[in-house]
Amino acid sequence: MVPVTWYIALSAVLFMIGAAGVLTRRNVIVILMSIELMLNSVNINFMAFSYLLGDMTGQIFTIFTITVAAAEVAVALGILIALVRSNKTFNVDEIDALKG
Amino acid sequence: MSGPDVATFFSPGDFLAILPEMVIAGMACVILMVDLVVPRTKRWVVPALSVLSVAAAAWFSWNLAGSGVSAFSGMFVLDGYAAFFKLIFYIVAVFAVFVSIRYIKTEEIDLGEYYVLMLFSLSGMMIMASGSDLLTIYLGLELASLPVYALVGFLQKSRKSNEAAMKYVILGAFSSAILLYGISLIYGLTGTTQLAAISAALETGAVSGPLFTLAVIMLVAGFGFKVAGFPFHMWAPDAYEGAPTPITAFMAAGPKAAAFAVIMRVFLEGLFPAYDNWQMAIAAVAVGSMVVGNITAIMQTSIKRMLAFSSVGHAGYALLGLVAGSEEGIASVMFYLLVYAFMNLGIFGIIIMMRRDSQSGDQISHYAGLAKSNRLTALAMLVFLFSLAGIPPTAGFVAKFYVFMALIHKGMIGLAVVAALMSAVAAYYYIRIVMLMYMREPEKEFLLASSRGILCVLIIALAAVVALGVYPLTYKPRPARRSAVGQERNEMERWYP
């Protein structure tokens, strides 16, 4: 029997790894993957709490989070394709037309 | 887990309650189809249908307003608070359509999807205003944001537009993840995602400690991103500058007001018992936004960028109403956002008029000497700038005045003083543009891309800014509270066909 705190700890670690990835990585695709990692850590949290509380809300929330994350990534990848067509780069340091 | 059957979860009344949202989302799908069959010469049908569907939704909302209904097991409420915000969203959406018609032809992006995405975003904002469960609020937030990400990058061939969209979508998704983590912690600590139940759980005093503080900080950060408050405002200048100008106007007035609707409902309904925990955090964001937004705006040369920083500053003022935490504070923020919608769309209407042929009108220096050749346009711009700066007798002054009064009545004199000082700083960069328009000689002739749509928006916005400044709204909304379920059903039946 795995205690609930383990799930919470796993989710916290995943969230930190994801956040660190967003802040330090320079490749747009890797940044998007890191965001997915953060969203999945949230899902683990919801599932663990749902199990702990014996309440369905967390599981329903997880289904919605997964759906929205898919939609979000679809939009992000669409924008990325347009961006790569005009910029020819995946590196966020070279995407610097807007400054000030 | 066995529960009650489906019939007790949904009733016809529930679907009646979301009728305005369904009209907008449904019509968006219809318009997407209509766009395919409309011949090139009859392009006006698409914006006309968009405006009509907003009008239809507004009519339904008007009839449903103030019924106090709580639908879908308390996930969705129709109170005066939601109705007021929906009014703001309808105005913003209609104005945004009007100012877009000519602009998207100039930029050669005259596609039906443009209006469709705008309508989807509108439906998301409406769900945000009515959401009373963190699940509905999150879904509304995403539904409002996702189409705007696409709209910001709508100038497909423009490098700036693509870049702005990419930055916006990455930071938007990042902030959503932070917000969701905060929501999951709140759910774990209180065992519910319903705002009223969260409030009840917090009132028992059983929920506290570092985990709860962490959850509150994550909620502040997540919502801070959405309203572009310091230090979470970094996406705003880039997104505002790169986006097509009507979309800049739309996102500065619409989704931002929706984010405020949500932030006030979550913090003042759900987390109100923990007022002491979040008050300092929000106050810090508010003061930071006012100082950084207004001071950075002084240094800008692009007018869209300047208005982006000014909107960061305005978010700071509006957040002060939330810090006050009183009914008066809520009312002052609601009035502030209504006024901000008018003055913001007005000034962006003029910036959009300046975009014609090779003339971009993006730089502040492009406005030098505007008053010499275009007296009325310059005068309108002057009124909007005075209103943004908060100079009487414009509505912007009254809006700031209400926020300051709410603060003073709660004894937060220090915050009110900082806010007043920062509006003096803000006056500098607004009035600098007025000076440029009136004191300089024009470098070349101005070509204004006026159209009936833009003129209509400018006249209404101008009238509203002056009228609300002279006769301000004094009505006080009731705080968001649900009444007994039985009574709500009767209210619904009164109107049910």
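Read-outs: derived from the displayed coordinates by stated rules, not from any lab. Please read these numbers as outputs of a predicted model, since none were measured by experiment. Neighbour counts run over all protein chains shown; Cβ positions are idealised from the backbone, glycine included.
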* Structure fact -> Of region A:1-18, those with amide N under 20 Å from the point 7 Å along the Cα→Cβ vector of residue B:211 are A:1-17
* Asked: What's the angle, to the nearest 10 degrees (0 to 90), between helix A:4-24's Cα axis and the longest principal axis of chain A?
  -> 10 degrees
* Asked: How far, in degrees from 0 to 90, does helix B:210-226 lean away from the longest principal axis of the Cα atoms of chain B, to the nearest 10?
  -> 30 degrees
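Let me know the mean shielding of A:78-89 by other chains, meaning the per-residue number of their Cβ atoms within 10 Å of its Cβ.
Across the residues of A:78-89, the mean count of other-chain Cβ atoms within 10 Å is 6.
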* Can you put B:29, B:456 in order of Cβ neighbours within 10 angstrom, beginning with the fewest? => B:29, B:456
* To do: Compute the FRET efficiency between residue B:425 and residue B:45 as 1/(1 + (r/R0)^6), taking r as their Cβ-Cβ distance and R0 = 45 Å, and round to the nearest 0.05.
  => 0.45
* Asked: So which lysines pass the test for residue B:167, namely a Cα distance under 24 Å, with those fewer than 8 places away in the same chain ruled out?
  -> A:88, A:99, B:157, B:226, B:256, B:304
* Rounded to the nearest 500, what is the 222 nm mean residue ellipticity of chain B from helices alone, with -39500 (n - 2.57) per DSSP H run of 4+ residues and division by all residues? => -24500 deg cm²/dmol
* Determine the sum of side-chain charges near residue B:362: Lys and Arg each +1, Asp and Glu each -1, restricted to other residues whose C-beta is under 11 angstrom from that of residue B:362. => +3
* **Structure-based [θ]222 nm, chain A - -39500 (n - 2.57) summed over DSSP H runs of at least 4, per residue, nearest 500** => -28000 deg cm²/dmol
* Mind sorting B:342, A:49 by how few other Cβ atoms lie within 10 Å of their own Cβ, fewest first? => A:49, B:342
* If you count, for every residue in A:64-72, the Cβ atoms of partner chains within 10 Å of its Cβ, what is the mean? -> 5
* Alpha-carbon centroids, region B:258-284 and region A:7-84: separation in whole Å -> 25 Å
* For the protein assembly as shown: rounded, prolate or oblate by the Cα gyration tensor [a/c cutoff 1.5] -> rounded
* Structure fact -> Taking R0 as 25 Å and r as the Cβ-Cβ distance between residue B:55 and residue B:376, the FRET efficiency 1/(1 + (r/R0)^6), rounded to the nearest 0.05, comes to 0.35
* Fewest first, what order do A:72, B:163 take by the number of other Cβ atoms within 10 Å? -> A:72, B:163
* Relative contact order (%) - chain B, alpha-carbon pairs under 8 angstrom, separation at least six -> 16 percent
* **Nearest 10 degrees, 0 to 90: helix B:159-190 Cα axis against chain B principal axis** => 20 degrees
* Rg to Rh quotient for chain B, alpha carbon positions, Kirkwood Rh -> 0.96
* **Gain in span if fully extended, residue B:200 to residue B:38, counting 0.36 nm per residue against the direct Cα distance** => 53.0 nm
* Asked: Per-residue mean of other chain beta-carbon atoms within 10 angstrom of the beta-carbon, peptide A:11-24?
  -> 2
* **Rounded FRET efficiency, nearest 0.05, which uses the C-beta distance separating residue B:409 from residue B:459 and R0 of 45 Å** => 0.80
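Just check region B:15-134 against the gyration tensor rule for me: Cα atoms, a ≥ b ≥ c as the square roots of the eigenvalues, rounded for a/c under 1.5, and otherwise prolate or oblate depending on whether a/b exceeds b/c.
Verdict is prolate for region B:15-134.
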